[in-house]
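Below: the structure, in structure tokens.
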Amino acid sequence: MLTIVCFIIACISTITAIFFFRKSRKMEDNIRQAEADISHFLLYPEKVNKKSLEEGVCFNLLNQVRELEEQLLHERYQKKQKESYTNSFIENMAHQMKTSVTALQIRLDLADFHTKTEEEKAALKEGQKCVTRLTEEIERVLKSSQLAAGKVLMDYEELDLEKLISACIERLEVIAHKRKVSFEMKGELPKKYFGDGFWLMQAFENLLKNAAEHTKKGTIVWVNLEEKEGDIKVSICDEGEGISPEEMPILFQRFCRGTSRKAGYGIGLNMAQDIIKSHHGSISVKNIQGKGACFLVSLPMLYGTEPYKIVRENERKL
């Protein structure tokens, strides 16, 4: 009987893991039914007689688990295929748009060279600003797609992460001033950290910008820094309305824009997550009662480029 119980417990663990990856209502119903059958088996073992065992109760449960596992594998395969097609489509579109915008920029530059009146020059200047903004947005979408497809190789170098985060805050002064928001940074970080400065700046700037846009006007965005047990911990907390329970599980998905989100494409948080993961770190979010949302970033202290290679190889073996 002990062997059977161990087998059932193993089944429960498998079903629980599958439950978190469910993608369809049918799979969810199947998981719940299998879970109910196993729970009944464990809670009322005295009702399961020898004849029932001989008739294949355990084998039926095992078959249900195997069927759910096959469904999960199929869902994962379909998800990967969909992501691959989406990334290819986005990259192709971004490159095509970039080519057209570059051609437009050249024509505006030529027009500016031949323009004589101040009124025409002012109009062209506004047009050039629009083209610059459009180019930046195209680059952002392209970067997001390349990160998601794993096409970006991080260039790990020694840097001061605390100064990098301070630089991100300085770059957001215009947004902060417009919304009458201030940043308050507390704590300290080690002076030496190995990471990709360009991409880490993208990640933290996205997180800080997100906080500045969602905190209430006239409030503070709190940035807390610390080193704990060999890991760098950075928390970015706002004083906004927080994140709804419906949004929480899908917040880091690409192109996800919840009902409370501001203008944008829904790629900033996804980019930040991909970049942090590329540094073998993690990012999570929680609501603080009476305040707003708090994003928590954890990065391991890896010295030099070789440790990153070792961690990457170990992850591939798992």
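Of the candidates LYS286, LYS317, the single residue that is of a type in the set (D, E, K, R), more than 15 Å from LEU153 (Cα to Cα) and at pLDDT 80 or above is LYS286.
For region 85-138, filtering for residues that are basic (Lys, Arg) and either assigned by TED's automatic domain parsing to the domain that holds GLN202 or not in a helix (DSSP H, G or I) (or both) leaves 1. Restricting to region 74-117, and then to whatever is surrounded by fewer than 12 Cβ atoms within 10 Å (Cβ to Cβ) and of a type in the set (A, V, I, L, M, F, W, C), can you tell me which residue is nearest to the chain's Cα centre (by Cα)? The residue in question is PHE89. Pairs meeting the criteria (first residue in region 234-255 and within 21 Å of ILE276 (Cα to Cα) and free of Cβ contacts under 8 Å to residues at least 24 places away in the same chain, second residue β-branched (Val, Ile, Thr) and part of a loop (DSSP other than H, G, I, E, B), beta carbons under 7 Å, at least 6 apart or on different chains) are PHE255/ILE267.
Looking only at region 235-256, residues that are closer than 30 Å to LYS82 by Cα, in a loop (DSSP other than H, G, I, E, B) and either out of contact with any Gly (no Cβ under 6 Å at 6 or more places or on another chain) or not charged (D, E, K, R) (or both) come to 10 in all. Here's a check for you: in region 149-168, which residue that is charged (D, E, K, R), in contact (Cβ under 8 Å) with a residue 40 or more places away in the chain and not in a loop (DSSP other than H, G, I, E, B) is nearest to GLU226 (Cα to Cα)? So, considering only residues that are charged (D, E, K, R), in contact (Cβ under 8 Å) with a residue 40 or more places away in the chain and not in a loop (DSSP other than H, G, I, E, B), the one nearest to GLU226 (Cα to Cα) is GLU162.
Within this structure, ARG179 fails the test of being under 25 Å from the mean Cα position of the chain (by Cα) and basic (Lys, Arg). Condition check for LYS116 on (1) free of Cβ contacts under 8 Å to residues at least 40 places away in the same chain; (2) under 30 Å from ALA148 (Cα atoms): one failure, at (2).
The values are calculated or read from the model by the stated rules, or taken from the named source; none is laboratory data. All values derive from a computational prediction rather than experimental measurement. Positions of Cβ are generated from backbone atoms using ideal geometry, with glycine treated the same way; all protein chains shown enter the neighbour counts.
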